[in-house]
Each structure stands twice: as structure tokens, then as C-alpha cells.
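Engineer: Following this message is one structure expressed as C-alpha cells.
The values are calculated or read from the model by the stated rules, or taken from the named source; none is laboratory data. Here the structure is a predicted model, which means the values were calculated and not measured. So basically every Cβ, Gly included, is an ideal-geometry build from the backbone, and we count neighbours across all protein chains shown. Each accessible area value is taken on the protein alone, full model and side chains, heavy atoms only, with ligands, DNA and RNA left out. Shrake-Rupley method; radii C 1.70, N 1.55, O 1.52, S 1.80 Å.
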Amino acid sequence: MSTTLVERIWARDATVWTGQDEGNWLGWLDQPWRMREDLDLVLQLADSVVDRIDAVVLLGMGGSSLAPEVIKRTFRQETFHVLDTTHPQAIRDLERRLDVSRTLFISASKSGSTLETRSHTDYFWERTGGNGDLFIAITDPGSELEQLARQREFAGIFPGEPTIGGRYSALSAFGMVPAALMGLDVDALLLRAIEMAEACQFTEGNPGLELGLSLGENWQAGRDKVCIAPNTGGFGLWAEQLIAESTGKQGKGLIPAPEEPPDGPDRQAQEVRLTGEYELGQEFFRWEFATAVAGSILGINPFDQPDVQSAKDKTRELLASGQDPNVEPEGSIEELFAAAEPGDYVAILGFVNPTPEAEGKLAELAAQARQETGCVVTHGFGPRYLHSTGQLHKGGPPTGLFLQVVDDTGDELAIPGQPFGFGKLIRAQAAGDFASLQERGRRVARIQLEEV
């Protein structure tokens, strides 16, 4: 089976999965080579800004933000910031740490129409006095964002690869332009990725195939919770999106659970192989290949995300209504956790300012959930997870118990050109996701952070 599977994946054979349009989404297979060819332009940009920039801020969500976040953590880059929250206080806190006249803003969105990214871009555009020299865009050719970047004369526009979905884009401009702006040896990262891509063409000793078969065969045996071993760079954050959004559909799915203990009949242990920082290039490719292999075993299309739109649509409806979104507490922790059954998982969804203190409180809730339910527990910050694990929550197996946590968003922060501000936006995103989960019959409750 495996011999033909590897050959068929590299031959772009859509029947490996569902025989639909999967062959159009396999650009990631040769992306490391393609990116190396385009590297000079990226390095020229990095060289051109080095003397006039003290900090870099990436404005992006999901596939546009998680690879840069993991690269930043792995290489311990203090002057690179990822803004993937719409919480007004988080935006104020970040702005306070910056000299905006010496900050480069990367507006990153494949579609070019991501609401959060566009809102962040317009906000900081106004704060810089409309200085195009302080902005670059990474987006697919012909997008709204590309048009905006040309109109505003951004310092650079880097095209995404249209045959790659966002979560498979770590080794494209979405991951590698930020890496260059961190001052990393991007060529070394790509060479490691190429070594792995070549190894993933073997019929034996193929690291991506082995991981993919392990993921898929464990799933077949009822071990659908993927307990990703801890590592200092937070690799699980990126792998979580890749696995959840790729496999969580049609009532099936692998449930990524970074750093959860792997002991239990519904769990499988998977390691992250990072003997050195630059091995990150290899791991990105190994997990991408593995996820494609696992998708073939699950019998799903690992390159679409059919259930992500529902929460976005509900958010837009709430914002269009002009009413303030309802994020009052609903249900209780006790009732929710009491409903847990063997094989379930708990997801704690924090629509709060992602401070270390809030992270600590979510960790406390996670510990309580583990103790009271015996289930695997995941937790994430909204709206970030809407672009990652949100697909699994709605399209995957109905085994999730969802605890939404909200906080007081404080004074409103205006979004230029919009009738709503960031506070209303994050409340609408929380309310929209809650309604979307309820609509699918998911077990869900909402509490306030102040109650924890």
C-alpha cells in the first residue's frame, strides 16, 4: 500500500483522497525548491529595512500567523511580534511597546480579505500617518490586499502560491519572509526542508509516510487524540492547526492535543524531532506530508475547510445588525464537565486578552477539566483558533465539550472605516462561534474570566 501511496501523492493523484480537487492543492510538495529560487528578493527586502526598523509586527491569522509564531519562539526573537487577536487591550499593549515610526508591519492574508488582518492593517496605517514604507504585504496574486498594497505603495508585495492552502504555507512566503526579517539563515531552513522532501519520496525509511501511517492507523484503532510532545518553540501550535483543519470534517478527525499526557486508550503519542533550531524546516514538511497521508486513511479531503465559514458568517450578521453581541454567561462548568463521557475531549476557548495571567487562568481551567472529566484537554485563544481548530470543533466528531471564556474588553478601540470597533468585533466573534457550535448540537458553556 505505502509504495503506491507515496508515488500517487507525488503524482498529484486526487484519488488518494476523495478524487475531487485535491490535485490542485499540492503546491506545498515542491514549495521548498520554489521558495529557494525566489529568495534573493526576500533577502533584498530584509537588507533594505535593517537600518530603519527596530521591530516587526506580523498582522495575520491562522495559516498566516502560526508558522511565524513558532519560528519566532524557536529562534527566541524578541523584536518580532505576531498580532493575531482582535482584543482591544492586546492591541493597545502591543502599540505601547513600539515606536511605530520604526516598525515594519507585515499584512499577511492568502485571501486578502481576512477581516482581522484588514482591521489591524487599517488601524496601524492610520497610526503611521499612512507611511507605505512601513508596510509589506504577503497575499495571493490578484487579491484585495494586493490591490490595497499597490494603492498605498507598500514597500514590498510578496505573492503567495495559489496551489497551497494557508495551513500548508509555512515554507512559502508566509513563513519565510518573516524568517528573513528575523535575520535567520532562510536558505538553511529551506535546505533542511528539501532534505526532508526528498526523503518523503522514498518507499522505505520515509519519515513523513511513517508519521502519517502512525497518525492514521492509530485513528483507525480508536486513538484519535494526538498528544504532541512538548518542545520549547511551541511547535504544537502550528501542528494543531495543520491536523485539526485538515482532518476534522465529515464527523471524523484527529484531535491534536499538544503537551497532553499520552496515556489512555483514546490517545497516541507523537514526537517533534528538533535536534537543532534549523531542523524546523524539516519538521514543517514532515508533518505536512504526514497529514496528507493520514487524510487518505481517514478518507477525507485534507485541503478544504467546509465548516470554517459558519462562525465568520454569524460574526458578520451580528456586526451588520448593529446590536451589541450577547456574551453573557451561559450554562456552567459543573454541568458541562459532568456531561463528559470516555473518548470525549474538552476545548477551552479564551476570547480574552492573551496575557501571561490569562494563559495561567486557562491552564487552571484545563487542569480542573482534566481532573473532573479524565478527558484530553486543549485550550486556545480566540479569534486565533477560529482559523485553526475551529474546523474540527464544528466538522469533526461530536465528542467535544466546549467552554468559552470571555472577559471585559474595556474601552472601545475604533477600526478606521468601520462602524464597529475591536471590542465589538471580538465579542461578535465569540457570540458567532458559540451560536455556530450550538447550531451543530455541540455541548457548550460560557463563563467570564473574572469568575476563574
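Engineer: Looking only at the range 384-399, how many residues end up being assigned to a loop (DSSP other than H, G, I, E, B) and either at pLDDT 95 or above or of a type in the set (A, V, I, L, M) (or both)?
Structural biologist: Residues in the range 384-399 being assigned to a loop (DSSP other than H, G, I, E, B) and either at pLDDT 95 or above or of a type in the set (A, V, I, L, M) (or both): 4 in total.
Engineer: Which ones in the range 363-381 are free of Cβ contacts under 8 Å to residues at least 60 places away in the same chain, open to solvent by less than 20 Å² (accessible area, probe 1.4 Å) and in contact with a Phe, Trp or Tyr (Cβ under 9 Å, 6 or more places away or on another chain)?
Structural biologist: Across the range 363-381, the qualifying residues are ALA369, CYS375.
Engineer: In the range 223-242, how many are of a type in the set (S, T, N, Q) and closer than 21 Å to GLY395 by Cα?
Structural biologist: Total satisfying the criteria: 1.
Engineer: Sort out which residues of the range 113-141 are out of contact with any Lys or Arg (no Cβ under 6 Å at 6 or more places or on another chain) and not in a helix (DSSP H, G or I), and write them in order of number.
Structural biologist: Answer for the range 113-141, where residues must be out of contact with any Lys or Arg (no Cβ under 6 Å at 6 or more places or on another chain) and not in a helix (DSSP H, G or I): SER113, THR114, THR128, GLY129, GLY130, ASN131, PHE135, ILE136, ALA137, ILE138, THR139, PRO141.
Engineer: Another question about this same structure. Exactly one condition in (1) under 24 Å from TRP238 (Cβ atoms); (2) open to solvent by less than 70 Å² (accessible area, probe 1.4 Å) is not met by ALA340; state its number.
Structural biologist: So the condition that ALA340 fails would be (1).
Engineer: Further question: Out of the residues in the range 325-337 that are open to solvent by 20 Å² or more (accessible area, probe 1.4 Å) and part of a helix (DSSP H, G or I), state the one that is farthest from ASP93 (Cα to Cα).
Structural biologist: GLU335
Engineer: Just a yes or no: is a residue in the range 243-251 modelled with pLDDT of 95 or more and open to solvent by 30 Å² or more (accessible area, probe 1.4 Å)?
Structural biologist: Yes: the range 243-251 contains one or more residues that are modelled with pLDDT of 95 or more and open to solvent by 30 Å² or more (accessible area, probe 1.4 Å).
Engineer: Does the range 150-157 contain at least one residue that is under 24 Å from the mean Cα position of the chain (by Cα), of a type in the set (Asp, Glu) and either open to solvent by less than 10 Å² (accessible area, probe 1.4 Å) or under 19 Å from THR103 (Cα atoms) (or both)?
Structural biologist: no
Engineer: Of the conditions (1) among the hydroxyl-bearing types (Ser, Thr, Tyr); (2) in a helix (DSSP H, G or I); (3) surrounded by fewer than 21 Cβ atoms within 10 Å (Cβ to Cβ), THR163 satisfies every one except a single condition; which number is it?
Structural biologist: THR163 satisfies all of (1) among the hydroxyl-bearing types (Ser, Thr, Tyr); (2) in a helix (DSSP H, G or I); (3) surrounded by fewer than 21 Cβ atoms within 10 Å (Cβ to Cβ) except (2).
Engineer: Got a sec? Which of ALA292, ALA347 is open to solvent by less than 10 Å² (accessible area, probe 1.4 Å), within 30 Å of LEU184 (Cα to Cα), in contact (Cβ under 8 Å) with a residue 12 or more places away in the chain and of a type in the set (A, V, I, L, M, F, W, C)?
Structural biologist: Testing whether each residue is open to solvent by less than 10 Å² (accessible area, probe 1.4 Å), within 30 Å of LEU184 (Cα to Cα), in contact (Cβ under 8 Å) with a residue 12 or more places away in the chain and of a type in the set (A, V, I, L, M, F, W, C) leaves just ALA292.
Engineer: Could you pull out every one of the helices (runs of 4 or more DSSP H) wholly within the range 198-316 that has 2 or more residues that are in contact with a Ser or Thr (Cβ under 6 Å, 6 or more places away or on another chain)?
Structural biologist: Those helices (runs of 4 or more DSSP H) span 235-247, 280-298.
Residue by residue, here is whether (1) without any contact (Cβ under 8 Å) to a residue 24 or more places away in the chain; (2) among the aromatic types (Phe, Trp, Tyr); (3) closer than 19 Å to LYS225 by Cβ; (4) in contact with a helix residue (DSSP H, G or I) (Cβ under 8 Å, 6 or more places away or on another chain) holds:
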position: HIS387; (1), (2), (3), (4): no, no, no, yes
position: PRO397; (1), (2), (3), (4): no, no, yes, no
position: GLY400; (1), (2), (3), (4): no, no, yes, yes
position: LEU437; (1), (2), (3), (4): no, no, no, yes
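Engineer: Conditions: (1) of a type in the set (Asp, Glu); (2) over 20 Å from the mean Cα position of the chain (by Cα); (3) within 30 Å of ASP187 (Cβ to Cβ). GLU245 meets all but one. Number of the miss?
Structural biologist: (2)
Engineer: Out of the residues in the range 63-112 that are in a helix (DSSP H, G or I) and without any contact (Cβ under 8 Å) to a residue 40 or more places away in the chain, state the one that is farthest from the chain's Cα centre (by Cα).
Structural biologist: So, considering only residues that are in a helix (DSSP H, G or I) and without any contact (Cβ under 8 Å) to a residue 40 or more places away in the chain, the one farthest from the chain's Cα centre (by Cα) is SER101.
Engineer: Go through (1) surrounded by 20 or more Cβ atoms within 10 Å (Cβ to Cβ); (2) over 20 Å from ARG118 (Cβ atoms); (3) of a type in the set (S, T, N, Q) for GLN429 and report which single condition fails.
Structural biologist: (2)
Engineer: Taking the criterion of being more than 27 Å from LEU39 (Cβ to Cβ), out of contact with any Gly (no Cβ under 7 Å at 6 or more places or on another chain) and touching a residue at least 24 places away in the same chain (Cβ under 8 Å), would at least one residue in the range 191-199 satisfy it?
Structural biologist: no
Engineer: Would you check if GLN391 is within 20 Å of GLY236 (Cβ to Cβ), touching a residue at least 24 places away in the same chain (Cβ under 8 Å), buried (at least 16 other Cβ atoms within 10 Å of the Cβ) and polar (S, T, N, Q)?
Structural biologist: The answer is yes for GLN391.
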